[in-house]
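Heads up: the structure comes next, in structure tokens.
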Amino acid sequence: MKKQTIVAMEEFYSRYPQMAYMRPQIESAVAEITARVEKGGKILVCGNGGSAADCEHIVGEFLKEFYIKRPVPTAMREKMESAYGEAGKYLADNLQGSIPAISLISQSGIMTAYANDAAPDLCNAQQAYGYCTDKDVLIGISTSGNSKNIYYALLVANLKGTYTVGLVGQKGGIMKDVCDVTFAVPETETFKVQECHLPLYHLICRAVENEIFGE
């Protein structure tokens, strides 16, 4: 891991000592997510309710600058300016390095069509079947760990060779048995679980960003 990644992790363990027991899982997940993105993979995220809002949050942190600057690489800048002149310079000056990420819960067309025509609890699983490859990552978020529409998506992703990550509450639920790595935070009440999930996924986003774009 890069120096600033280690700094970020130590800061997290200092601020949230109650989650320090997840250190091996965090380091493993960051390494695997980074490796898959660097091989051309993407990150898919799904959740319900407040966890659906977390999906949007996570995707936003991955798709644009989060903690460090991500300038357009020199080769791409030159290509943009050569192709489009002033417009290309504007693009190069303002676009940012991006980590490919998709929030499955944002795909309202397919979700409503599939819920109406087929099986509502397989809305995420259908997208996982269409999107997932053996280069990708699927993050499923459920405070109980028992959300069937997340569980089914993880099952499909596993069969596709996708790296599966679960963010759940203390009990883990049914998701704990089907994810490659499960982050069971030390709370059981929904809002308290969500309060733990936020700094945890911020750390993961920051660490992956730094591993890919940092020095």
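The values are calculated or read from the model by the stated rules, or taken from the named source; none is laboratory data. Keep in mind that what you see is a predicted model, and the values were worked out from it rather than measured. Positions of Cβ are generated from backbone atoms using ideal geometry, with glycine treated the same way; all protein chains shown enter the neighbour counts. In case anyone asks, the SASA skips ligands and DNA or RNA and just uses the protein heavy atoms, side chains included. Shrake-Rupley method; radii C 1.70, N 1.55, O 1.52, S 1.80 Å.
Of the residues making up the stretch 130-147, those that are outside any strand (DSSP E or B), at negative phi and surrounded by 15 or more Cβ atoms within 10 Å (Cβ to Cβ) are Tyr131, Cys132, Lys135, Asp136, Ser142, Thr143, Ser144, Asn146, Ser147.
Residues Cys196, Cys123: which one is at pLDDT 95 or above, assigned to a helix (DSSP H, G or I), open to solvent by less than 30 Å² (accessible area, probe 1.4 Å) and over 24 Å from Glu32 (Cα atoms)? Working first, answer last.
Working: Cys196 fails: over 24 Å from Glu32 (Cα atoms).
Of the residues listed, the single one that is at pLDDT 95 or above, assigned to a helix (DSSP H, G or I), open to solvent by less than 30 Å² (accessible area, probe 1.4 Å) and over 24 Å from Glu32 (Cα atoms) is Cys123.
If you take the residues of the stretch 102-120 that are touching a residue at least 12 places away in the same chain (Cβ under 8 Å), open to solvent by 10 Å² or more (accessible area, probe 1.4 Å) and not in a loop (DSSP other than H, G, I, E, B), which of them is nearest to Arg206 (Cα to Cα)? The selected residue is Ile102. The residue that is least open to solvent (accessible area, probe 1.4 Å), among those in the stretch 179-193 that are among the hydrophobic types (A, V, I, L, M, F, W, C) and assigned to a helix (DSSP H, G or I), is Val193. Remark: Gln25 matches the filter, which requires a residue to be in contact with a strand residue (DSSP E or B) (Cβ under 7 Å, 6 or more places away or on another chain), surrounded by fewer than 19 Cβ atoms within 10 Å (Cβ to Cβ) and either under 18 Å from Thr182 (Cβ atoms) or aromatic (Phe, Trp, Tyr) (or both).
Picking from residues in the stretch 72-87 that are assigned to a helix (DSSP H, G or I) and under 25 Å from Gly214 (Cα atoms), the one that is most open to solvent (accessible area, probe 1.4 Å) is Lys79.
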